[in-house]
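**Student:** Pasting a structure here, questions to come.
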Amino acid sequence: TAASDGVKLWDLRKLKNFRTFAPFEASTPTNSVRFDFSGSYLAMAGSDVRVIQVGTVKQEWNSIKTIPDLSGTGKVTCAEFGPDASYLAVASMDRNLRIFGLPSSQPAADGDGDAHAAAQES
């Protein structure tokens, strides 16, 4: 679950919260929470996007990347991983979709590093 009090992950077999994150200030809601298809990464979107490398229930989960909100609005509305988690699509209140590579991905052909491409406004 995600709300202004942070992100809570639940074990549905036991109906118990096993991990809680408070990635943003209390006044900033978490707008989107997504795992990649393999379950290895977790993206949380709010005032920016935080990417966490997933551990086990008892093992630490490591923050591997923070992607700032480039729109200037301070509100990222959605984050979604690509099929192989080599990129992350980020939507924000300025009606743009931006594609970012993650640390394990190959550099972009244009040499930009993080931003591979930006889609046109809707």
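**Student:** Taking a temperature of 37 °C and a viscosity of 0.692 mPa s, what whole-number D in µm²/s does Stokes-Einstein yield for the range 14-60 with Rh from Kirkwood over alpha carbon pairs? Spell out each step's value before the answer.
**Tutor:** Details: Rh = 11.9 Å.
D = 277 µm²/s.
**Student:** Here's a follow-up. Quick one: compute a quarter of the convex hull surface over the Cα atoms of the range 21-88 and quote it in nm². The partial results should precede the final answer.
**Tutor:** Numbers: hull surface 18.8 nm².
Projected over every direction and averaged, the Cα hull of the range 21-88 covers 4.7 nm².
**Student:** Using the per-residue mean of other Cβ atoms lying within 10 Å as a proxy for protection, in what order, highest first, do the peptides 80-92, 19-31, 43-55 fall?
**Tutor:** Numbers: 80-92: 18.1, 19-31: 14.8, 43-55: 21.1.
Taking the mean over residues of other Cβ atoms within 10 Å, the ranking is 43-55, 80-92, 19-31.
**Student:** Stretch Gln53-Glu80 to full length: gain in nm at 0.36 nm per residue minus the Cα-Cα span? Kindly include the intermediate steps, with their values, before the conclusion.
**Tutor:** Details: separation 27, 0.36 × 27 = 9.72 nm, distance 1.49 nm.
Extending this stretch completely gives an extra 8.2 nm.
**Student:** Pull out the extension gain between Arg19 and Met93, defined as 0.36 nm times the separation in residues minus the alpha carbon to alpha carbon distance; nm, one decimal. Show your work: numbers first, answer last.
**Tutor:** Numbers: separation 74, 0.36 × 74 = 26.64 nm, distance 2.87 nm.
Result: 23.8 nm gained on full extension.
Read the figures in this text as sums done on the coordinates, not as results from a lab. Please read these numbers as outputs of a predicted model, since none were measured by experiment. Glycine gets a Cβ as well: all are built from the backbone with ideal geometry, and neighbour counts include every protein chain shown.
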